[in-house]
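Read through the structure below, which is laid out as structure tokens, and then see the notes.
Nothing in this text is a laboratory measurement; each read-out follows from the coordinates by a stated rule. As the structure is a prediction and not an experimental result, all values here were calculated from the model. Reconstructed Cβ throughout: ideal geometry from the backbone, glycine too, with neighbour counts over all protein chains shown.
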């Protein structure tokens, strides 16, 4: 509950404050957001499964974001940043789909 | 979020505290996520280019350059086509107008179209004797020599004959036949051309006027600024002669 409120507060803050993304962060922010979304959906699924764990969630969230950023950074250094971020987005997208499917089964029993 | 199933109050409160700290952390993370999400969506709405990588930008630039080249080539082709079409349109218009003008000119000369302009209106009245066909022919020759461009012969009965290249005169019992039309005196002749020149040509001593007087007839010459030659000649396609290139 508090998590959902925090999410909404963050969204509202982002909309109201309208900060500009620093140049160095621009390639990483979208990937980091997608990675965080993956962690959030994973957490949601875990809580519905009754196996939610704060520590696991926090660590998976932070590591997801960090790994995504590192992969993209590495890709940029190797000259395959574009392709690698596409790959990361695809993998995370698949995971999100899987998690959402599990959540759907919980919520709708279908 | 499920609370851990704890039995003792002490461990429960400890769990709560732990839960509270972790919950706070989770809340902070999710707030960050929401913030980043909003920021990213907004910056993406603004423009995708600043966030693009160098290689992507190069690719986009290449694409745009290639597209520009294609479009420029297309513009050139279309401009050439347009120039061609407008040139041919102008040419056709000019040729058509020239052809029309030529048709009108030739029609006036051949007597197939009516003509109007300044000229002389002659009235030839006869005395005791019939006017001979030669007199009319002389008058016509004199008018032509003075630059008459369109001439018609007529009489009071309304018969009118346009003079053309093949016009002939013949004597008849009652008067003169012009191209087969029997005319009777007084003869009305309309000639379009320079009035002063034609009048002078007719009035030359020993000219048409004198001849007519000697024949016992009278000739009245009226100069006019606007006369109409309305009689037409039928256009006959030449039977033997063909235009030579």
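Quick one: if the Förster radius is 25 Å, what FRET efficiency do residue A:59 and residue B:49 give, using the C-beta to C-beta distance and rounding to 0.05?
E(calc), rounded to 0.05, equals 0.10.
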Legend entry - Net length gained if the chain between residue B:214 and residue B:72 were fully extended (0.36 nm per residue, minus Cα distance): 42.5 nm
Inset, instruction - In whole angstrom, note down how far apart the Cα centers of the stretch B:156-202 and the stretch B:217-238 are. - result: 8
Legend entry - Using alpha-carbon coordinates, inclination of helix A:81-108 to the longest axis of chain A, degrees: 10
Inset, instruction - With label points built 7 Å along Cα→Cβ from the Cα atoms of residue A:67 and residue B:80, find their separation and express it in nm. - result: 6.0
Legend entry - Helical contribution to [θ] at 222 nm, DSSP H n ≥ 4, -39,500 (n - 2.57), averaged over the protein assembly as shown, rounded to 500: -21000 deg cm²/dmol
Inset, instruction - Measure out, as a whole number of angstrom, how far apart the alpha-carbon centroids of the stretch A:1-55 and the stretch B:86-137 sit. - result: 97
Inset, instruction - Give the angle, between 0 and 90 degrees and rounded to the nearest 10, that separates the Cα long axis of helix B:9-46 from the longest principal axis of the Cα atoms of chain B. - result: 20
Legend entry - Cubic angstrom per residue, convex hull over Cα atoms of the protein assembly as shown: 350
Legend entry - chain B: angle of helix B:54-110 to the longest principal axis, Cα-based, in degrees nearest 10: 10
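Would you mind calculating the gained length between residue B:141 and residue B:223 on full extension (0.36 nm times residue separation, minus the Cα-Cα distance), in nm to one decimal? Please report the intermediate quantities before stating the final value.
On the way: separation 82, 0.36 × 82 = 29.52 nm, distance 1.82 nm.
That works out to 27.7 nm of additional length.
Can you give the FRET efficiency to the nearest 0.05 for residue B:239 and residue B:87, using r as the Cβ-Cβ distance and R₀ = 45 Å? Let's see the in-between values first.
Numbers: r = 41 Å, r/R0 = 0.91.
E(calc), rounded to 0.05, equals 0.65.
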Inset, instruction - Ignore the peptide's own chain and count Cβ atoms of other chains within 10 Å of each Cβ in A:57-66; give me the average, rounded. - result: 2
Inset, instruction - With no solvent and one equal point scatterer per Cα, compute the Debye intensity ratio I(q)/I(0) for chain B at 0.15 Å⁻¹ and report its log10, rounded to two decimals. - result: -1.06
Legend entry - Shape call, chain A: gyration tensor on alpha carbons, a/c limit 1.5: oblate
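Specify, per residue and in Å³, the volume enclosed by the convex hull of the alpha carbon atoms belonging to the stretch A:68-110.
Enclosed volume per residue, from the Cα hull, is 47 Å³.
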